[in-house]
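The values are calculated or read from the model by the stated rules, or taken from the named source; none is laboratory data. Note that the structure is a prediction, hence the values are computed from the model and not measured. Backbone-built Cβ (ideal geometry, glycine too); neighbour counts: all protein chains shown. With ligands, DNA and RNA removed, areas are computed over all heavy atoms of the protein, side chains included. Shrake-Rupley method; radii C 1.70, N 1.55, O 1.52, S 1.80 Å.
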Amino acid sequence: MHFKKLRQQAEKDEEEQFKKEMLAKFAEDDRIEQMNVQKRRMKQAEHKRAVEKLLEDRRAQFSQDREHELSERRAEQEMEEFRKRIVEEERARLLREHAPKLLGYLPKGVIRDEEDLSMLGPDFQERYTKRQIDPFEDSGWDARK
């Protein structure tokens, strides 16, 4: 919220600065032409309307850019989720296909959790849990019998 307020304040300051610069430029143009008072007032009002139009156009462009950026970010997130899902599906397929053959050779971390074990079937679960017994632990010898 603080960042948002700072950004909004910066935008307002930038718009005010832009407005002042444009009014100064238009005022300088008017002085060069040395018009009479009535024409000068009309010209100033016209310039003020032109500045307001430019500011409105800038705001609209900024809003469009922000929306475009948000849509791009959403698309990137969806693509990343899609990639992760594909990788996980392929990982599960490879495990189902090859894990029973490589039971004694699977490195740590390949079977991440109980869900991976349940996916591979009860026979594999039983053989896998027997291999996971720590021979240096006292309770490990009892579980093997």
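What to note about this one:
- Residue identified as of a type in the set (S, T, Y) and open to solvent by 60 Å² or more (accessible area, probe 1.4 Å) among Y128, Y105: Y105
- Among residues of region 5-26 that are over 19 Å from H47 (Cβ atoms), those with a Cβ under 9 angstrom from a residue that is in a helix (DSSP H, G or I) and at pLDDT 90 or above, sequence gap 6+ or separate chain, pair up as E11/R59; E11/F62.
- Filter pass, I86 being in a helix (DSSP H, G or I), within 30 Å of R127 (Cβ to Cβ) and not assigned by the TED database to the domain that holds R127: yes
- Subset of region 24-72 [assigned to a helix (DSSP H, G or I), over 20 Å from R7 (Cα atoms), open to solvent by 100 Å² or more (accessible area, probe 1.4 Å) and of a type outside the set (K, R)]: I32, E33, Q38, M42
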